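Taking it in order: structure first as structure tokens, then the write-up.
The values are calculated or read from the model by the stated rules, or taken from the named source; none is laboratory data. Only a predicted model underlies this, so the values are computations on that prediction, with no experimental measurement involved. Reconstructed Cβ throughout: ideal geometry from the backbone, glycine too, with neighbour counts over all protein chains shown. When the accessible area is computed, the model is the full protein with side chains, heavy atoms only, and any ligands, DNA or RNA have been set aside. Shrake-Rupley method; radii C 1.70, N 1.55, O 1.52, S 1.80 Å.
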Amino acid sequence: DVKVTQSSRYLVKRTGEKVFLECVQDMDHENMFWYRQDPGLGLRLIYFSYDVKMKEKGDIPEGYSVSREKKERFSLILESASTNQTSMYLCASSFGPLEFQQYFGPGTRLTVT
Amino acid sequence: KQEVTQIPAALSVPEGENLVLNCSFTDSAIYNLQWFRQDPGKGLTSLLLIQSSQREQTSGRLNASLDKSSGRSTLYIAASQPGDSATYLCAVVGAQKLVFGQGTRLTINP
């Protein structure tokens, strides 16, 4: 079974803090993705990566950056957290390009106060 | 711009009923369509993936259909059970992006 893990289920941070969300997959997948999920807005793509050290902006990259130093790990970074970044963050991975099945992690509920 | 709509937003039915969830999309140029399940506060579980060249996919009590020309997909759940209660999301892949619907929150009453 594919396993996608995220470093924290719940996280509370203060405004202005630098926040790291970590995602690890164990199936040697090429592609990894970060989404945020908000009531009424659904899931929106923040960034994705199709190879180590490669990244592409999604629909809402502002205020975020990413890092992929190893194939199995994809990090989402909030350089200076703001209250409007309070959300559920979901990581996913897939073997191939976007047309392949995506496998999701359990999510991180981030609250910025 | 691709838009994905799921109607109804919420559905409540008695246990044992067969039911259909609907998904519509505006741009028929898609690679595939996926159905996911999400339990409260949890991540997404992939249920079915239909390639653009396929008409339907089946897994156990679930059957998903795809009609690209009309921009519609349905998820049929047979003999519903309380454990089927969850939010069901459809997502379409096209132009290098996965676009999600808002989901249908399904409640199966014992």
* Structure fact -> Only unsatisfied item for residue A:81, checking (1) out of contact with any Phe, Trp or Tyr (no Cβ under 9 Å at 6 or more places or on another chain); (2) open to solvent by 10 Å² or more (accessible area, probe 1.4 Å); (3) modelled with pLDDT of 95 or more, is (2)
* Asked: Filtering the stretch A:102-113 down to residues that are surrounded by 19 or more Cβ atoms within 10 Å (Cβ to Cβ) and on the phi < 0 side of the Ramachandran plot, which residue is farthest from the other protein chains (Cβ to nearest Cβ)?
  -> A:112
* Structure fact -> residue B:31 vs (1) more than 14 Å from chain A (Cβ to nearest Cβ); (2) aromatic (Phe, Trp, Tyr); (3) more than 11 Å from the chain's Cα centre (by Cα): all pass except (1)
* Structure fact -> Flagged in the stretch B:42-88 as among the aromatic types (Phe, Trp, Tyr) and touching a residue at least 60 places away in the same chain (Cβ under 8 Å), in numbering order, are B:88
* **Extreme residue, nearest to residue B:92 (Cα to Cα), among residues of the stretch A:23-66 that are open to solvent by 60 Å² or more (accessible area, probe 1.4 Å) and in a strand (DSSP E or B)** => A:44
* Quick check: anything in the stretch A:84-101 farther than 18 Å from residue B:43 by Cβ, free of Cβ contacts under 8 Å to residues at least 24 places away in the same chain, within 14 Å of chain B (Cβ to nearest Cβ) and within 15 Å of the chain's Cα centre (by Cα)? -> no
* Please indicate, with yes or no, whether at least one residue in the stretch A:67-74 is open to solvent by 20 Å² or more (accessible area, probe 1.4 Å) and facing chain B (nearest Cβ under 8 Å). => no
* Of all residues in the stretch B:87-100, how many are in contact with a Gly (Cβ under 8 Å, 6 or more places away or on another chain), crowded, with 17+ Cβ neighbours inside 10 Å and facing chain A (nearest Cβ under 7 Å)? -> 1
* Got a sec? Which of A:61, A:39 is of a type outside the set (Phe, Trp, Tyr) and modelled with pLDDT of 95 or more? -> A:61
* When you go through B:73, B:24 one by one, which is the residue that is among the hydroxyl-bearing types (Ser, Thr, Tyr), crowded, with 20+ Cβ neighbours inside 10 Å and away from chain A (no Cβ under 13 Å)? -> B:73
